[in-house]
Amino acid sequence: MPGKSKSFFKIILNDVGCHTKLLFPKKFIRISGKYLKDSVSLNAPSGLEWSVEVKRQKGKVWLQNGWPDFANFYAIRFGYLLVFEYKGDSKFQVLIFDPSSVEIDYPLAGSDRSDFGISTQAKKRVLEVDDSRSSDNVVRACKKTRTESPSAETSSKLKQEKAKAACKVDKDRARALAYGFKSKNPFFVHLMKESHIVGGGWPNVYIPKTFKDAHGNWENNDQLTLQVAGRSWVVFCNLNLRCNQCRISRGWTIFARDNSLNVGDVCVFELINQSTKLFKVFISRAAKGTDGAENERLPGVRNEAHRSRVLESVKAFKPEHPNFKVKVKDSYLYGGSITVPLEFINSHVTIDSCSVNLQLPDGRVWSVKCYIRKKCAKFSAGWKNFSRENNLAEGDICGFELVKERLFNVVIFRVES
């Protein structure tokens, strides 16, 4: 749907050069790519608007001419995270986060675009809220045990750099998933450091001052309940009145161990009940395959949120012409036909079998056979082509609006994110 807002994020894995391009995600292109013009507008919060050329080849779509100018102006480099929100009419709102997961301080709209200086990185929107400096930031020197040849040393350094880059991609992916978390309840986010994990010192987690001050009264030794996938852990907070800091301390070690938390994982703490201090915790794993309980964690939550938004759109689907909606079943995809309301077909289309046309918002049309039986009606011959060419999936909802005689406008609501 051209007017529907869709968002995606991109992690920058290469430094931007004059020939650099930015590839759109395949799923975004499948849903919204046909509505993109030959150039799109990128708008950052600074108020500047950039026109960037869109290139297409062999099913892939990317930003090219104009993209390096945009990236250089905002000093976008390796490790940056960009969130693109599609506003329709080939316009995107772009949010830019540096490698520390902090939103950058955008140059003002009056800045000279030819001056691609690096802007100061003010902390605006913060995912990592624990600003404490822990021992994991200290690098200690060690004695050399043996002398390596230059080639061996170079090879070792390359392996280390590759391992660091892979680890960083995992962490950035976890951060991005956490950024996509939305809830009507208040929540805060933590990227797990060594100081938060079992294995050294006294592991604990700060509760951000802004969150603590805005939500409830906090006392030393207050009891909190943390829930993950239906299981609960009791933890206690330690309040330091002198510096107005509050930490989750006693009980946190057990929680971290039981949930196999690792450095780079991202935890979202959602406050469910303010009076009892009940939190649901969603864990986005930096490394894959840590456990199999992801259905209750962040990816599942994001899918559920997407589903809810789509179902709201389905409820709001009230076109001016006669219409009906059908939820796609597995048999509709592989059986070659879809069951449609017999009463509607008899009242508004025909009492005998005939051909009807299905038209999408982009103007493409498919002819299908409307087959009438005594107790049911089906769209049959031609339906399989329609479903396959539009990548219909089980659970999708199709809205059919009869705009002319035997011509339906079809809107597809994709329930799975």
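Could you name every one of the strands (runs of 3 or more DSSP E) located completely within the stretch 303-417 that has at least 3 residues being closer than 27 Å to PHE28 by Cα?
Details: elements: 323-327, 338-340, 354-359, 365-372, 377-379, 397-404, 407-413.
Result: 323-327, 354-359, 365-372, 397-404, 407-413.
Identify all residues within the stretch 389-402 that are surrounded by 15 or more Cβ atoms within 10 Å (Cβ to Cβ) and touching a residue at least 40 places away in the same chain (Cβ under 8 Å); write none if there are none. Please lay out each step first, then the result.
Our first condition is that a residue be surrounded by 15 or more Cβ atoms within 10 Å (Cβ to Cβ); within the stretch 389-402, this holds for 390, 392, 395-402.
Listed by number, the residues that qualify are LEU392, GLY395, ASP396, ILE397, CYS398, GLY399, PHE400, GLU401, LEU402.
Against the definition (in a strand (DSSP E or B) and either modelled with pLDDT of 90 or more or open to solvent by 30 Å² or more (accessible area, probe 1.4 Å) (or both)), how does ASN238 come out, yes or no?
Working: in a strand (DSSP E or B): yes; either modelled with pLDDT of 90 or more or open to solvent by 30 Å² or more (accessible area, probe 1.4 Å) (or both): yes.
It is true that ASN238 is in a strand (DSSP E or B) and either modelled with pLDDT of 90 or more or open to solvent by 30 Å² or more (accessible area, probe 1.4 Å) (or both).
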Within the stretch 40-64, restricting to residues that are surrounded by 14 or more Cβ atoms within 10 Å (Cβ to Cβ) and more than 18 Å from LYS10 (Cβ to Cβ), the one that is modelled with the highest pLDDT is LEU48
When the stretch 248-260 is checked residue by residue, the ones that are without any contact (Cβ under 8 Å) to a residue 60 or more places away in the chain, open to solvent by less than 70 Å² (accessible area, probe 1.4 Å) and either over 16 Å from GLU194 (Cα atoms) or of a type outside the set (Phe, Trp, Tyr) (or both) are ILE248, SER249, GLY251, THR253, ASP258, ASN259, SER260
Only one of LYS375, LYS329, LYS288 is in contact with a Leu (Cβ under 9 Å, 6 or more places away or on another chain) and modelled with pLDDT under 90, namely LYS375
Picked from the stretch 4-31 (must be at pLDDT below 85 and under 12 Å from GLU85 (Cα atoms)), the residue surrounded by the fewest Cβ atoms within 10 Å (Cβ to Cβ) is SER5
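LEU224 - would you say it is surrounded by 16 or more Cβ atoms within 10 Å (Cβ to Cβ) and free of Cβ contacts under 8 Å to residues at least 60 places away in the same chain? Before the answer, list the steps.
Details: surrounded by 16 or more Cβ atoms within 10 Å (Cβ to Cβ): yes; free of Cβ contacts under 8 Å to residues at least 60 places away in the same chain: yes.
Answer is yes for this residue.
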A careful count of residues in the stretch 82-97 that are outside any strand (DSSP E or B), open to solvent by 10 Å² or more (accessible area, probe 1.4 Å) and either in contact with a Phe, Trp or Tyr (Cβ under 6 Å, 6 or more places away or on another chain) or within 16 Å of PHE24 (Cβ to Cβ) (or both) gives 0
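State whether one or more residues within the stretch 363-370 are closer than 24 Å to GLY33 by Cβ, crowded, with 16+ Cβ neighbours inside 10 Å, at pLDDT 90 or above and in contact with a Leu (Cβ under 6 Å, 6 or more places away or on another chain). Can you show your working first?
Within the stretch 363-370, the subset closer than 24 Å to GLY33 by Cβ is 363-366.
Those still in the list that are crowded, with 16+ Cβ neighbours inside 10 Å too: 366.
Now drop any that are not at pLDDT 90 or above, which leaves 366.
Restricting the remaining residues to those that are in contact with a Leu (Cβ under 6 Å, 6 or more places away or on another chain) gives 366.
Among the residues of the stretch 363-370, at least one is closer than 24 Å to GLY33 by Cβ, crowded, with 16+ Cβ neighbours inside 10 Å, at pLDDT 90 or above and in contact with a Leu (Cβ under 6 Å, 6 or more places away or on another chain), which makes the answer yes.
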Checked against (1) closer than 20 Å to PHE188 by Cβ; (2) of a type in the set (A, V, I, L, M); (3) modelled with pLDDT of 80 or more; (4) not in a loop (DSSP other than H, G, I, E, B), VAL263 satisfies every condition except (4)
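Can you confirm whether the stretch 343-351 contains a residue that is surrounded by fewer than 14 Cβ atoms within 10 Å (Cβ to Cβ) and hydrophobic (A, V, I, L, M, F, W, C)? Reasoning before the result, please.
Taking the stretch 343-351 and keeping what is surrounded by fewer than 14 Cβ atoms within 10 Å (Cβ to Cβ), we get 343, 346-347, 351.
Then keep just the ones that are hydrophobic (A, V, I, L, M, F, W, C); that gives 351.
Yes, the stretch 343-351 contains at least one residue that is surrounded by fewer than 14 Cβ atoms within 10 Å (Cβ to Cβ) and hydrophobic (A, V, I, L, M, F, W, C).
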Checked SER331, SER337, SER355 against criteria (within 39 Å of the chain's Cα centre (by Cα) and open to solvent by 50 Å² or more (accessible area, probe 1.4 Å)); the one match is SER331
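The values are calculated or read from the model by the stated rules, or taken from the named source; none is laboratory data. No experiment lies behind these values; they were computed from the predicted model shown. Please note: Cβ atoms are built from the backbone with ideal geometry, for glycine as well, and neighbour counts cover all protein chains shown. Only protein heavy atoms, including side chains, enter the accessible area calculation; ligands, DNA and RNA are left aside. Shrake-Rupley method; radii C 1.70, N 1.55, O 1.52, S 1.80 Å.
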